[in-house]
Amino acid sequence: MILSPSMLSSDFANMESELTALKKAGLKWVHLDVMDGQFVPNITFGPPIIKAMRAKSDLFFDCHLMISEPGRYIRDFAEAGADLICVHAEACDHLERVCSQIAEAGAKPAVALNPHTPLDVLRYLIPQLSMVLIMSVNPGFGGQTFIPFCMSKVRELKAMITAAGSDTLIQVDGGVTLDNARALVEAGADVLVSGSAFFGHPPYDARHRAFQDACT
């Protein structure tokens, strides 16, 4: 299991020290929530902040674009330092084209699905995706409670990926805690995003171990 702490819940005033502390705690990934105030009712940060973070860290930047028409900005995020760029199926008129743009820009392509969005929209895309993100809350705000039916959605996605003969990763974002981490991994999740349930419980090395232990 890969734990990808959501920097949305970190101390923005001390971002460099937060990134350093995460690496020392054994984390490999960090989750970067980009919101535009249009696709979701919140605004966070964009490529300039990610570029500044990249200058201070070599962690894997898992960049989640909760923005309208993300195809307009793929190259900007790739050049800022995003290792993986995840776009919402609901925000793209031509999803395959956007995924191809991500790969052409040198980043790993991924697609996120809101809780209500059916898996069928990805059936033909799975082989070209590095990851699929199952949103287990409605996007836009941290600290929400996990939506129960998303557990079966993870299982169904795992079956689709296996049937496709793909090695696409499954990520789950929203309401992930120590209480449901093991069940999510058993359902097929490879990457867990945790915001307040991680950053709200320092020290980070102990919290990282707690998540790993919860999944074994």
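The values are calculated or read from the model by the stated rules, or taken from the named source; none is laboratory data. This one's a predicted model, so the numbers in the text were calculated from it and none came from an experiment. Every residue, glycine among them, receives a Cβ derived from its backbone with ideal geometry; neighbour counts consider all protein chains shown. When the accessible area is computed, the model is the full protein with side chains, heavy atoms only, and any ligands, DNA or RNA have been set aside. Shrake-Rupley method; radii C 1.70, N 1.55, O 1.52, S 1.80 Å.
Quick rundown of the values:
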read-out	value
Only one of ALA189, ALA183, ALA159 that is at pLDDT 95 or above and either more than 26 Å from LEU22 (Cβ to Cβ) or open to solvent by 60 Å² or more (accessible area, probe 1.4 Å) (or both)	ALA159
Whichever residue in region 1-24 is open to solvent by less than 50 Å² (accessible area, probe 1.4 Å) and in contact with a Lys or Arg (Cβ under 8 Å, 6 or more places away or on another chain) and, among such residues, is farthest from ALA206 (Cα to Cα)	MET15
Some residue of region 4-21 being closer than 22 Å to ASP167 by Cβ and either touching a residue at least 40 places away in the same chain (Cβ under 8 Å) or in a helix (DSSP H, G or I) (or both)	yes
Subset of region 163-180 that is without any contact (Cβ under 8 Å) to a residue 60 or more places away in the chain, open to solvent by less than 40 Å² (accessible area, probe 1.4 Å) and not in a loop (DSSP other than H, G, I, E, B) - its residue that is nearest to PHE12 (Cα to Cα)	VAL172
Residue match in region 128-142 (condition: of a type outside the set (A, V, I, L, M, F, W, C), assigned to a loop (DSSP other than H, G, I, E, B) and more than 19 Å from MET66 (Cα to Cα))	no
The listed residue being under 19 Å from the mean Cα position of the chain (by Cα), surrounded by fewer than 16 Cβ atoms within 10 Å (Cβ to Cβ) and part of a loop (DSSP other than H, G, I, E, B), out of THR216, THR145	THR145
Single unsatisfied condition, GLY37 versus (1) without any contact (Cβ under 8 Å) to a residue 12 or more places away in the chain; (2) open to solvent by less than 10 Å² (accessible area, probe 1.4 Å)	(2)
Residues of region 79-94 satisfying the condition of being over 14 Å from the mean Cα position of the chain (by Cα) and farther than 14 Å from GLU69 by Cβ	GLU79, ALA80, GLY81
Residue match in region 21-34 (condition: at pLDDT 95 or above and more than 30 Å from ALA183 (Cα to Cα))	no
